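What follows is one structure encoded as structure tokens, with my remarks underneath.
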Amino acid sequence: MLRATIVAAACAASMAAHAQQRPIAADALRSGIAYAGADIRAMQADDLANPGFLWVQRGEALFNENCTACHRDAASMRGVAARYPAYDPSAKSVLDLEGRIEQCRTGRQHKPAFGRESDDLVSLATFVTHQSRGLPMSVSIDGPARASFERGEAFYTQRHGQMNLACTHCHDQSYGKRLYTETISQGHGTAFPAYRLEWQGQGSLQRRLRACLFGVRAEMPKPGAPELTDLELYLAWRANGLPIESPGVRR
Amino acid sequence: MEARINIPAKVVRNEPFEVRLQIRHPMETGYRTDDTGKAIARNVVRSVTCRYNGDLVFAAQLSSGIAANPYLRFFVTARASGELQFEWVDDAGVRISERAPVVVA
């Protein structure tokens, strides 16, 4: 009887936390690396071969130079990336990790912004995200983040561009199938910032999302645009539970 | 900062050990144009050398066919403890050197 009560209480708690229906059930979630070829998987699995670590290394130097006065050491950053994008009371909006670093830089350190997709910002974001490697994504969509989440979900399910495709058509309905030479993934951002062979370098999730929009011949929001942050929050929620991989390697 | 170098913490005398070198470099091919149609000048790492206590033990000539952030793996044999000295130069004339100590157990 006691056990039944505990189970019922646990169910109620989990119902409240997952009131929103997930498009892909938690036990069916697969990282993008599961759909990558053997060579890419090997490159990501070997930290010495993974070129993303060049950005981790630069990010570490930048962190030690700019951030340790407040944030003490790298270990204090463990778990941070798993919670982003998150609502920020001082910005009165949801910020992704890159946005949060820029806010710290301009608002608290009174230094000029690094700039979206600048090598410095990508390096710092990679280093900070890397501290959470292996931890499950666990963003919150409750309270003030809710409106942003809903906008992100609407963007995800709405058709875009001349191809007239929504994200959901590929990444919920067709993952595992082939698109030219590529296998369609479930569209999780847990590897990012990641090294893409196509870019010959490291880039953010927003850059990847813009590339996807370019692919369906849609208008691309500018780097740092709120639409992209909303979408990042929706994607992060959709991937809640998947471990962070950054720096991942992708084609 | 511009490269990642990995060698075993300790190596065995007269037995080959693996050296891994990853250089941070765009390896711009010279075949691309920018958004205004202007050619982007070629800038690749042309030559990489590795010396052991001054003696040349490895050298490579790279070209525009090599991807960005070249990753080189090769084997070296040491008779005594010493230092690996890496040097590479690109088309822009930037010359970078790095060192890594080798401890023979």
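Readers should treat all values here as calculations from the given coordinates under stated rules, not as data from a laboratory. Predicted model, so just to flag it, every value in this text is computed and none were measured. Every residue, glycine among them, receives a Cβ derived from its backbone with ideal geometry; neighbour counts consider all protein chains shown.
Summary of values
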{"read-out": "Condition met for A:PHE63 (in contact (Cβ under 8 Å) with a residue 40 or more places away in the chain, touching a Pro at 6+ places or on another chain (Cβ under 8 Å) and aromatic (Phe, Trp, Tyr))", "value": "no"}
{"read-out": "Number of the condition not met by B:PHE58 [criteria: (1) within 12 Å of B:ILE23 (Cα to Cα); (2) away from chain A (no Cβ under 14 Å)]", "value": "(1)"}
{"read-out": "Region A:87-112, subset small (Gly, Ala, Ser) and exposed (fewer than 15 other Cβ atoms within 10 Å of the Cβ), residue nearest to the chain's Cα centre (by Cα)", "value": "A:ALA91"}
{"read-out": "Within region A:106-208, helices (runs of 4 or more DSSP H) holding 1 or more residues that are within 23 Å of B:HIS25 (Cα to Cα)", "value": "A:119-130"}
{"read-out": "Set B:ARG46, B:ARG99, B:ARG20: member being part of a strand (DSSP E or B), basic (Lys, Arg) and within 14 Å of another protein chain (Cβ to nearest Cβ)", "value": "B:ARG20"}
{"read-out": "Every residue from region B:1-17 that is in a strand (DSSP E or B), within 12 Å of chain A (Cβ to nearest Cβ) and among the aliphatic types (A, V, I, L, M)", "value": "B:ALA3, B:ILE5"}
{"read-out": "Of all residues making up region B:68-85, the number that are of a type in the set (A, V, I, L, M) and surrounded by fewer than 12 Cβ atoms within 10 Å (Cβ to Cβ)", "value": "1"}
{"read-out": "Region B:23-39 - residue that is out of contact with any strand residue (DSSP E or B) (no Cβ under 6 Å at 6 or more places or on another chain) and among the β-branched types (Val, Ile, Thr) and, of those, nearest to the other protein chains (Cβ to nearest Cβ)", "value": "B:THR29"}
{"read-out": "Identity of the residue in region A:190-213, among the aromatic types (Phe, Trp, Tyr) and within 14 Å of chain B (Cβ to nearest Cβ), that ends up farthest from the chain's Cα centre (by Cα)", "value": "A:TRP199"}
{"read-out": "Residue that is loosely packed, with under 13 Cβ neighbours inside 10 Å, of a type outside the set (Phe, Trp, Tyr) and under 15 Å from the mean Cα position of the chain (by Cα), where the choices are A:GLY134, A:GLY187, A:GLY176", "value": "A:GLY134"}
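Yes/no per residue for (1) surrounded by fewer than 24 Cβ atoms within 10 Å (Cβ to Cβ); (2) in contact with a helix residue (DSSP H, G or I) (Cβ under 6 Å, 6 or more places away or on another chain); (3) charged (D, E, K, R):
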{"site": "A:CYS212", "(1), (2), (3)": "yes, no, no"}
{"site": "A:VAL216", "(1), (2), (3)": "yes, no, no"}
{"site": "A:GLU219", "(1), (2), (3)": "yes, no, yes"}
{"site": "A:GLY224", "(1), (2), (3)": "yes, no, no"}
{"site": "A:LEU231", "(1), (2), (3)": "no, yes, no"}
{"site": "A:ARG238", "(1), (2), (3)": "no, no, yes"}
{"site": "A:LEU242", "(1), (2), (3)": "yes, no, no"}
{"site": "A:PRO247", "(1), (2), (3)": "no, yes, no"}
